[in-house]
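To start, the structure itself, in structure tokens.
No lab work stands behind these numbers, since they all come straight from the coordinates. Because the structure is predicted, anything quoted here is derived from the model rather than measured. Glycine gets a Cβ as well: all are built from the backbone with ideal geometry, and neighbour counts include every protein chain shown.
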Amino acid sequence: NGIRCVAKLAHDHGISTARPMKVQTASDVLLLDYRLNDDDKVDSVTVDMGQPVLDIAQIPVDLPGQQRAIDHPCTDLFDEMPPPDDWHQRCGLDARMSCISMGNPHVVFFCDHVDQVPLERLGPVIEHHRLFPQRVNAHFVQIQSPSQITMRTWERGSGLTQACGTGACAVCVAGSLRQQCERQIIAHLPGGDLELSLIHI
């Protein structure tokens, strides 16, 4: 989301009119395309986020003997959540995690009712869990249909956030690998909707 704002700022203030626009990030150079409105201002931006990282050593996730963590059981992680109550049942949690890096580490959980997840309580515990030596962004996802999902996010270092672009990309990858989502989806986040297309996996 941040890099899309950079593209709008750069174009609308005359800094760059390149298409595609190239932006250097901490992990890579990303390519951005954009659509203009009738006033020649950027209306929407598309980012090529590159290849998702599934190798847990690169994410990183501390799971010795594993190469990937897609649908990996994680009941031990949730057993440590204070205080114990029935939130698992209320949200219909699938107690398996999918770990993906989009240049930063993400862990994705699926559930039936994302609004029933006490994310303000779970988020800090997941972020700092020993499984994630560089901490992690945590996402809880409800599948609305093969082409639409609803998600909520706890970002490392920021807490509850309205949207997470790299997180939505990770959710798209996880949903596709679980064969629950199509390769093109709309992700509904508290801050708005994102359109995602999985082309690199």
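Overview of results
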item	result
Tensor-based shape of the stretch 53-201 (alpha-carbon gyration tensor, a/c under 1.5 rounded, otherwise prolate or oblate)	rounded
Size of electric dipole in the chain: Cβ of Lys, Arg +1 and of Asp, Glu -1, about Cα centre, debye, nearest 20	380
The stretch 33-112: C-alpha gyration tensor shape, a/c 1.5 cut-off, then a/b vs b/c	oblate
